[in-house]
Amino acid sequence: MDNQLDNKQKFIDFMNNYKKINSDMEQLDRVQNSDLVKNRQLSKEVECGKSMVIDEILGKVYKDALPFEDPERTCSPETLGNVMRDFINKRCGKDSEYYVREAIKKNNSPTLKKILLEAETRSKDFLKAKGKDIGHIDISSITFKPLEDKELEDISRRMSLDEISNVIHNNVQTSLQNEIDKAKKEEEYNKQIQDELAKNDEVNDETSMESALSKMKPYRKQKVYQPSLFESILIGNGRVMTEASTKEVMMESIREFTKLNLVKALKLESFNINNIKKMADSYL
């Protein structure tokens, strides 16, 4: 008899607890779907949406500037937007809307103004569309959607951003070729010196080698090694990406170098000898 009473009480307790949980959930749902909470969520999405649009537009410029075999060229606008968001946050510690506005203050760039206007217009359209039905929509539907490929193609065409991507692409290719040529010349020069020393019968220790080097017309004394920006990125990635292949390290370095060329081409930051050197040092 006692056992039956215990089971009955357990059942009653369980049902009461279930009703309480269900009631709490309903109450939470009512709070979350109140106009006040939905309007707060809408305001938050509108603000985030501006940076999202900027990130995705910059992601499109970046994608089109990459080497044709780079897998990132097949990524979605949202993924590439996130790539640029993380890069910008690393550059300035804030979002892309702040980054672009600060750049406009410094150089009044017409292209950056157009990108910012596009972001503001799309955010306002989102606010207008969701705001008029705020009492009849669920809070889960108040989410700023990423742009589609077709929309980005249209934006790129209207703003001639594809031309900027081509300039960035060509600049990166030229810089990489210059690095290859420089390394090749250095290798040829070192081989020439080694061959000259090998043929000199008087070279048999460090002192005689230094003496022979000083008499060589083509010989130049080694300066303090100052790697270029791309070399610094490559060296830094090689140090960090210890498990990666040489190709993967090179590809990641080209991506980073492409982003920096994008920053320069769009005048998001000023580039001069001093800050390029600082940038190079920051990767080492």
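The values are calculated or read from the model by the stated rules, or taken from the named source; none is laboratory data. As the structure is a computational prediction, the values presented were derived from the model and not from experiment. Here the Cβ positions follow ideal geometry from the backbone for every residue, glycine too, while neighbour counts run over all protein chains shown.
Any residue at all in region 57-67 that is farther than 20 Å from Glu252 by Cα, assigned to a helix (DSSP H, G or I) and modelled with pLDDT of 95 or more? Quick ask: steps written out before the conclusion?
At the first step, the residues of region 57-67 found to be farther than 20 Å from Glu252 by Cα are 57.
Of the ones still in play, those that are also assigned to a helix (DSSP H, G or I) are 57.
So of that shortlist, the ones also modelled with pLDDT of 95 or more come out as 57.
Yes - at least one qualifying residue is present in region 57-67.
Within region 245-284, take every residue that is under 17 Å from the mean Cα position of the chain (by Cα), more than 13 Å from Ile235 (Cα to Cα) and of a type in the set (Val, Ile, Thr) and give me the one that is surrounded by the most Cβ atoms within 10 Å (Cβ to Cβ).
Looking at the filtered set, the residue picked out is Thr258.
Given Asp149, Asp133, which one is under 29 Å from Ser34 (Cα atoms) and out of contact with any strand residue (DSSP E or B) (no Cβ under 7 Å at 6 or more places or on another chain)?
On the way: Asp149 fails: under 29 Å from Ser34 (Cα atoms).
So the residue among Asp149, Asp133 that is under 29 Å from Ser34 (Cα atoms) and out of contact with any strand residue (DSSP E or B) (no Cβ under 7 Å at 6 or more places or on another chain) is Asp133.
For region 68-96, what are the residues that are closer than 26 Å to Ser175 by Cβ, assigned to a loop (DSSP other than H, G, I, E, B) and without any contact (Cβ under 8 Å) to a residue 60 or more places away in the chain?
The answer is Phe68, Glu69, Cys75.
Please specify each residue of region 101-135 satisfying the condition of being out of contact with any Lys or Arg (no Cβ under 9 Å at 6 or more places or on another chain), touching a residue at least 60 places away in the same chain (Cβ under 8 Å) and closer than 19 Å to Ser160 by Cα.
Hit for region 101-135 is Ile115, nothing else.
Got at least one residue in region 175-197 being within 30 Å of Glu102 (Cα to Cα) and at pLDDT 75 or above? Break it down stepwise before answering.
Taking region 175-197 first, the residues within 30 Å of Glu102 (Cα to Cα) are 175.
Next, only the ones that are at pLDDT 75 or above stay: 175.
Yes.
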